[in-house]
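Following this message is one structure expressed as structure tokens.
The values are calculated or read from the model by the stated rules, or taken from the named source; none is laboratory data. Treat the numbers as computed from the prediction; the structure is a model and nothing was measured. Reconstructed Cβ throughout: ideal geometry from the backbone, glycine too, with neighbour counts over all protein chains shown.
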Amino acid sequence: MSQERTTLIAGNWKMNGGLDEVDGLAGDLAGRMTGLTAAPGFEMAVCPPFPLLPMVASAIEESGIALGAQDCHGNEKGAHTGDVSAKLLAQVGCAYVIVGHSERRTDHGETDEQVRAKAEAAQAAGMAAIVCVGETEAERDAGRATEVVVGQVVGSVPEGATAENLVVAYEPVWAIGTGKTATPQDAQDMHAAIRASLADRFGGDTAAGIRILYGGSMKPGNAAELLALADVDGGLIGGASLVADDFWAIGQAAG
Ligand code: PEP
């Protein structure tokens, strides 16, 4: 982690959480954050399901915790039943939108082109896109991990990226929800390759400011080691973000 990038610890609740989690989880984290007597040394974000966004926005108000959504549509508005526009997400208080999560790439067949359009829409609405990339186990075993991931970065990250409007999340598909994590060396190598690709397109100064998160079974027991890596600027956390003590402990490992 570099001095110039603030570590981001973002919780992806996925299709979990209900009304109980508004006060129980978001409110709990907000209480811990506001109870700190010194600056936390990291930024925290929570990304609940769409219907909870306005309620969670209230629960975390003035705590310093940021709100994020898990997806948005690539178009500004229109006849897209079941989808949600980036503009509306910004209106209800989102600062971040996760796009291109591997579960969406798999479950909904999202392509790099669609992910790029979603990221562009999020950025146009004034939010930062958290663009997810990651290789499958078969791709890693075939020695293609870097080629696949850098290809996704090139295909999914829109032009005009800045440190303010873009976060990249490297999430090896085989590590998500499995309890397996990338080795520190593999994670650092991939994060460095992602940053080099960003530098090729946007220049070294811009790339040096863009945060690259690691995601895939990050938990209190492995967070400190991963977050200490030079090019790992935070975590995108699924399962462990649903337990306040665990998510908070990951934040403490970053701070
Ligand atoms: C995720 O889905 O973004 C994720 C990293 O999940 P988990 O932490 O549960 O592996």
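Kindly list the number of the only condition in (1) crowded, with 19+ Cβ neighbours inside 10 Å; (2) under 18 Å from the mean Cα position of the chain (by Cα); (3) among the hydroxyl-bearing types (Ser, Thr, Tyr); (4) away from the ligand (no atom under 15 Å from the Cβ) that fails for residue 217.
(4)
Further question: Is at least one residue of segment 8-17 touching an Asp or Glu at 6+ places or on another chain (Cβ under 6 Å) and either more than 16 Å from the ligand (Cβ to nearest atom) or at pLDDT 95 or above (or both)?
The answer is yes; a qualifying residue exists.
From the set of residues in segment 94-116 that are crowded, with 18+ Cβ neighbours inside 10 Å and in a loop (DSSP other than H, G, I, E, B), which is nearest to the ligand (Cβ to nearest atom)?
Only one residue tops the list, namely 101.
Can you tell me which residue is farthest from residue 157 (Cα to Cα) among those in segment 182-214 that are hydroxyl-bearing (Ser, Thr, Tyr) and surrounded by fewer than 22 Cβ atoms within 10 Å (Cβ to Cβ)?
183
If we keep just the residues of segment 195-214 that are among the aliphatic types (A, V, I, L, M) and out of contact with any helix residue (DSSP H, G or I) (no Cβ under 7 Å at 6 or more places or on another chain), which is nearest to the ligand (Cβ to nearest atom)?
By that ranking, first place goes to 213.
While we're looking at this one, here's another question. So which pairs qualify, if the first residue must be in segment 91-113 and over 16 Å from residue 213 (Cβ atoms), the second must be assigned to a strand (DSSP E or B) and hydrophobic (A, V, I, L, M, F, W, C), the Cβ gap must be under 6 Å, and the two must be at least 6 apart or on different chains?
Pairs found: 93/67; 94/67; 94/69.
Read through the list (1) under 25 Å from residue 5 (Cα atoms); (2) part of a helix (DSSP H, G or I); (3) out of contact with any strand residue (DSSP E or B) (no Cβ under 6 Å at 6 or more places or on another chain), then give the number of the only condition that residue 152 fails.
Result: residue 152 fails condition (3) only.
Now, a different point. Which pairs do you get when a residue that is more than 15 Å from residue 188 (Cα to Cα) and of a type in the set (Lys, Arg), found in segment 206-225, comes within reach of a residue that is within 15 Å of the ligand (Cβ to nearest atom) and modelled with pLDDT of 95 or more, reach meaning Cβ atoms under 6 angstrom, with the pair 6+ apart or on two chains?
Note: pairs meeting the criteria are 219/240.
Determine if segment 155-166 includes at least one residue that is assigned to a helix (DSSP H, G or I) and either within 13 Å of residue 198 (Cβ to Cβ) or touching a helix residue (DSSP H, G or I) at 6+ places or on another chain (Cβ under 7 Å) (or both).
Scanning segment 155-166, I find at least one residue that is assigned to a helix (DSSP H, G or I) and either within 13 Å of residue 198 (Cβ to Cβ) or touching a helix residue (DSSP H, G or I) at 6+ places or on another chain (Cβ under 7 Å) (or both), so the answer is yes.
Anything in segment 170-186 that is among the charged types (D, E, K, R), near the ligand (Cβ under 10 Å from one of its atoms) and either under 16 Å from residue 105 (Cα atoms) or assigned to a helix (DSSP H, G or I) (or both)? List them, or say none.
171
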